[in-house]
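Before any comments, here is the structure.
The values are calculated or read from the model by the stated rules, or taken from the named source; none is laboratory data. On a predicted model such as this, the values are computed, not experimentally measured, just so you know. Because the Cβ atoms are built from the backbone with ideal geometry, glycine has one as well, and the counts that use them run over all protein chains shown. Accessible surface areas use protein heavy atoms only, side chains included; no ligands, DNA or RNA. Shrake-Rupley method; radii C 1.70, N 1.55, O 1.52, S 1.80 Å.
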Amino acid sequence: MDSFRSKENLNRFESIFGKTNRPPRLFQAPARINIIGEHVDYLGGIVLPAAIDFAVQVYLRPNDTSSYHLYSVTYNETVELKKPLGPNPKSPWADYISGVISEIEKLGHTIPGFDLLVDGNIPQGSGLSSSAAFEVVTGYSINETFGLHLSREEIALIGQRAENHFVGTKCGIMDQFIIAVGKQDDCISLNTETLKYTYHHFDLGDYEFYLINSNVKHSLKDSAYNQRRSECESALVKIKAKYPNFTQLYDVNLSESELENCHLTKEEFKRTKHVTSERERTKVVIDGLESGNFKEVGSSLFQTHWSLSKEFEVSCPETDFIVDSLQSMGVTGARMIGGGFGGCVLVLDTKDHFYKIEDVLKKSYQQKFNIALDFYKFQISDGVKEISL
Ligand code: GLA
């Protein structure tokens, strides 16, 4: 990944923005997986993500003007941004950059003009956080180029605010955070209330994680995400009216009958059930990964999937079909990851089982949905960094 189209893109950069005696610098941010703790990172929950070796790369060079000249390889499109920065309805990809610049400037910095080329190989809409990678690599490259001394954690928060305010998804902090602080071979357990985190190295022995991309992205993804978040917030307001000591939905540990007394709607009740049961599964998964009890880990991953599907209602027929098929083929564990409504399924299984799964599942999925599946093996990799050219 480090040499990913770098010569070609450097030539492209110079032919679009001109060759000067100051070459651009190259920065790269990874994609991410999340092992457990789904839809809890905006509720103060614990998550267990890792950075993986798909990437967004940005070439950046100051241009001694007050405007920003951008080029996207994916869209083969040039955009010029001038202040005041606003939305770019014709080229929504530029919003990620406007959003990050604006959020950095809100902190009191002034960002001079620059030329920027972006390229990437994170499949969009796959639940692997291509947006967060773009935000974090933009923030990091501005920080390094203009010497702003922002920490990795601050860059993650800037990326999240850009997504919340400019792109419109009220996402939590998990994606930007792991993309900013990830380390090769390690995942982190992140407390999304305090932002304290610990690196973990798990020895998987004969087991492996891999991904299956459903190659569907349902359009209600962003609106449903924001709706789930507000259902969780209204559930907490009602629970607090009876039990004022709870400050986060994630910490609620009431019995079903106590919860019924809180006058939650059917949706609020189901969302609360997912969030609080995910807390218990997260403990089981971390313990199981530490002690090598992968069967227990796998069974919790399946439980999380069906909780996301039935209680949180963020799955879809395609990812349900994949997980259901894997379960009946005797795979150790699997679940949808990320926001939902399509995207990838994360699989935990013994290494020798892979060849028995791939072709059979590709065939049955093609037959049912007329869509091809992609299987990805991956490495756990570093967070955002500079690549020497
Ligand atoms: C998306 C969001 C994250 C998180 C996950 C679900 O990836 O960007 O903040 O909420 O969904 O866990």
>> For His274, only one of the following conditions fails: (1) out of contact with any strand residue (DSSP E or B) (no Cβ under 7 Å at 6 or more places or on another chain); (2) more than 20 Å from Tyr250 (Cβ to Cβ). What is its number?
In response: (2)
>> Condition first: touching a Lys or Arg at 6+ places or on another chain (Cβ under 8 Å) and open to solvent by 70 Å² or more (accessible area, probe 1.4 Å). Can you find one or more residues in the stretch 185-200 that meet it?
In response: yes
>> Criterion first (hydroxyl-bearing (Ser, Thr, Tyr), in contact with a Lys or Arg (Cβ under 9 Å, 6 or more places away or on another chain), more than 19 Å from Leu348 (Cα to Cα) and within 16 Å of the ligand (Cβ to nearest atom)) does Thr145 satisfy it?
In response: no
> So is Lys368 within 30 Å of Gln57 (Cβ to Cβ) and open to solvent by 80 Å² or more (accessible area, probe 1.4 Å) or not?
Replying inline: no
> From the list Val167, Val137, which residue is out of contact with any Leu (no Cβ under 8 Å at 6 or more places or on another chain) and within 12 Å of the ligand (Cβ to nearest atom)?
Replying inline: Val167
> Any residue in the stretch 307-317 that is in a loop (DSSP other than H, G, I, E, B), in the same structural domain as Val216 (by TED's automatic domain parsing) and away from the ligand (no atom under 16 Å from the Cβ)?
Replying inline: no
>> Consider the stretch 95-110. How many of its residues are hydroxyl-bearing (Ser, Thr, Tyr) and within 16 Å of Ala133 (Cα to Cα)?
In response: 2
> Which of the residues spanning the stretch 259-275 are of a type outside the set (D, E, K, R) and over 21 Å from the mean Cα position of the chain (by Cα)?
Replying inline: Leu259, Asn261, Cys262, His263, Leu264, Thr265, Phe269, Thr272
> Of all residues in the stretch 213-228 being polar (S, T, N, Q) and open to solvent by 80 Å² or more (accessible area, probe 1.4 Å), which is farthest from Val323 (Cα to Cα)?
Replying inline: Gln227
> All but one of (1) closer than 28 Å to Leu211 by Cα; (2) without any contact (Cβ under 8 Å) to a residue 40 or more places away in the chain; (3) not aliphatic (A, V, I, L, M) hold for His149; which doesn't?
Replying inline: (1)
>> What's the total number of residues in the stretch 265-314 that are out of contact with any helix residue (DSSP H, G or I) (no Cβ under 7 Å at 6 or more places or on another chain), in contact (Cβ under 8 Å) with a residue 40 or more places away in the chain and under 12 Å from Gly333 (Cβ atoms)?
In response: 2
> Here is a list of conditions, (1) open to solvent by less than 50 Å² (accessible area, probe 1.4 Å); (2) modelled with pLDDT of 95 or more; (3) more than 18 Å from Tyr71 (Cβ to Cβ), and Gly86 meets all of them except one; can you say which number that is?
Replying inline: (2)
> Of all residues in the stretch 89-114, which are in contact with a helix residue (DSSP H, G or I) (Cβ under 6 Å, 6 or more places away or on another chain) and open to solvent by 10 Å² or more (accessible area, probe 1.4 Å)?
Replying inline: Asp95, Tyr96
> How many residues does the stretch 238-297 hold that are hydrophobic (A, V, I, L, M, F, W, C) and part of a loop (DSSP other than H, G, I, E, B)?
Replying inline: 5
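Condition check ((1) among the aliphatic types (A, V, I, L, M); (2) out of contact with any strand residue (DSSP E or B) (no Cβ under 6 Å at 6 or more places or on another chain); (3) open to solvent by 20 Å² or more (accessible area, probe 1.4 Å)) across all residues:
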site	(1), (2), (3)
Pro317	no, yes, yes
Val323	yes, no, no
Gln327	no, yes, yes
Gly330	no, yes, yes
Tyr355	no, yes, yes
Lys363	no, yes, yes
Lys377	no, no, yes
Glu386	no, no, yes
Leu389	yes, no, yes
> Within the stretch 71-122, which residues are of a type in the set (D, E, K, R) and without any contact (Cβ under 8 Å) to a residue 60 or more places away in the chain?
Replying inline: Glu77, Glu80, Lys82, Lys83, Lys90, Glu105, Lys106
>> Here is a list: Pro23, Pro112, Pro62. Which entry is at pLDDT below 95 and more than 16 Å from the ligand (Cβ to nearest atom)?
In response: Pro23
>> Here are the criteria: (1) closer than 30 Å to Phe209 by Cα; (2) open to solvent by 10 Å² or more (accessible area, probe 1.4 Å); (3) out of contact with any Ser or Thr (no Cβ under 8 Å at 6 or more places or on another chain). Tell me which single one Val73 does not satisfy.
In response: (1)
